[in-house]
Amino acid sequence: MSRDIESLTHVQEKLGELYQKLQDSLNADTPIVVICGPAKCDDGLCDVCDQERKDECFYHERIVLKQCLRAENCLPVLFEEDFDLVIASLEETILLREDEVEKVIVIPASEGSAAELAQFTRDPKIRPKLVVLVPYQYHPWYSEKGSFLTSLYMEIMGVVGHIYPYDRTGDKHPKASEIVITLMRSYRLNKLASTM
Ligand SMILES: [Zn+2]
């Protein structure tokens, strides 16, 4: 082996080791991500519905996000599934303010979840963690101006910026799961870079 090839092999091995170390550090970081949004469908059919119905259901969308985040080594939480909250509006706020909760994903597709989003937006400890996912048809760039939700989105865009339009079919915009995965990868890499 010539000297050049020998040193190149050495550099490749070294970089390979460093890359593995980076992956190990990323895997060791397991951020808690809370997924808020519409509750189960009123008629209780959420658990047994067929695929067509699931494609319409925002609770199911939250479950899909939970599965994707778990596969990415995050610790996703759906309050309704994982805790038995009694006074949810207050308990949620207290939990979401904790430093261990690093991201708060909201799909504001029901009256209750829109009200929650308004509350979180005005909470200085929760606001920086917000990731808002909106079906693209309702994103301020595409929808009618003037509604309460649109003006709330504009407010969030002006302050924290994270209002992502998504497309269930993945046709015009990425799917919600693709957005969340990309975002969490970038978030964790940035976190790692800031500690090096
Ligand atoms: Zn449902």
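Just so you know, all these numbers are worked out from the coordinates, no wet-lab data involved. Predicted, not measured: the structure shown is a model, and the values here were computed from it. Backbone-built Cβ (ideal geometry, glycine too); neighbour counts: all protein chains shown.
Return the distance in nm (one decimal) between the two label points of a simple spin-label model at residue 54 and residue 88, each offset 7 Å from Cα along Cα→Cβ.
It is 2.2 nm.
Once R0 is set to 45 Å, what does the formula 1/(1 + (r/R0)^6) return for the Cβ-Cβ distance between residue 67 and residue 11, expressed as a FRET efficiency to the nearest 0.05?
0.70
Tell me which residues come under 5 Å, amide H to amide H, from residue 131 once H is placed; ignore anything under 5 positions away on its chain.
104, 105, 106
Quote the Stokes-Einstein diffusion coefficient, in whole µm² s⁻¹, for segment 1-115, based on the Kirkwood radius over alpha carbon pairs, a temperature of 4 °C and a viscosity of 1.567 mPa s.
This corresponds to a translational diffusion coefficient of 75 µm²/s.
What ranking do 8, 133 get, fewest neighbouring Cβ atoms within 10 angstrom at the top?
Starting with the residue having the fewest Cβ neighbours, the order is 8, 133.
Convert each backbone phi in segment 129-142 into a coupling constant with the Karplus relation 6.51 cos²θ - 1.76 cosθ + 1.60 (shift: θ = phi - 60°), then list the ³J(HN,Hα) values in order as whole Hz, x for Gly and Pro.
Those phi angles translate into 8, 5, 10, 9, 10, 10, x, 4, 4, 9, 5, x, 5, 10 Hz.
Would you list 25, 194, 113, 186 from fewest to most Cβ contacts within 10 Å?
Least to most surrounded, the residues fall as 194, 186, 25, 113.
Hey, what do the phi angles of segment 31-38 turn into as Karplus ³J(HN,Hα) couplings, whole Hz, using 6.51/-1.76/1.60 and θ = phi - 60°, x for Gly and Pro?
x, 7, 10, 9, 10, 9, x, x
Where does helix 3-28 land angle-wise versus the long Cα axis of the chain, in degrees 0 to 90, nearest 10?
30
Quick check on the exposure proxy: order 95, 45 from fewest to most C-beta atoms within 10 angstrom.
With the sparsest Cβ surroundings first, the list reads 45, 95.
Work out, step by step, the length gained on full extension between residue 148 and residue 24: first 0.36 nm times the residue separation, then minus their alpha carbon distance; give nm to one decimal.
40.2 nm
Nearest 10 degrees is fine. How inclined is helix 88-97 to the longest principal axis of the chain, computing both from alpha carbons?
Roughly 20 degrees, rounded to the nearest 10.
Around residue 75, which amide H atoms from residues at least 5 apart in sequence, or from another chain, sit under 5 Å from its own amide H, with H modelled in the peptide plane?
Under 5 Å from the amide H of residue 75: 32, 33.
Can you give me the P(r) profile for segment 101-196? Cα pairs, bins 10 angstrom wide beginning at 0, each as a whole percent.
15, 47, 31, 7, 1
Scattering from the C-alpha atoms of the chain alone, worked out with Debye: what is log10 I(q)/I(0) at q = 0.11, 0.13, 0.18, 0.19 1/Å?
Results for the chain at q = 0.11, 0.13, 0.18, 0.19 Å⁻¹ read -0.57, -0.75, -1.32, -1.45.
Across segment 87-196, how many lysine pairs, 8 or more apart or on two chains, come within less than 23 Å at their alpha-carbon atoms?
8
Per-residue ellipticity at 222 nm for the chain, helices alone: DSSP H runs ≥ 4 residues times -39500 (n - 2.57), over residue total, nearest 500 deg cm²/dmol?
The helix contribution divided over the chain gives -16000 deg cm²/dmol.
Loop by DSSP (not H, G, I, E, B), at most 14 other beta-carbon atoms within 10 Å: where is the longest site-free stretch of the chain for GluC sites (Glu not before Pro)?
1-55
With θ taken as phi - 60° and the coefficients 6.51, -1.76 and 1.60, list the Karplus ³J(HN,Hα) couplings across segment 167-180 in order, rounded to whole Hz; mark glycine and proline as x.
Calculated HN-Hα couplings, in order: 10, 4, 7, x, 7, 8, 9, x, 6, 4, 5, 5, 4, 5 Hz.
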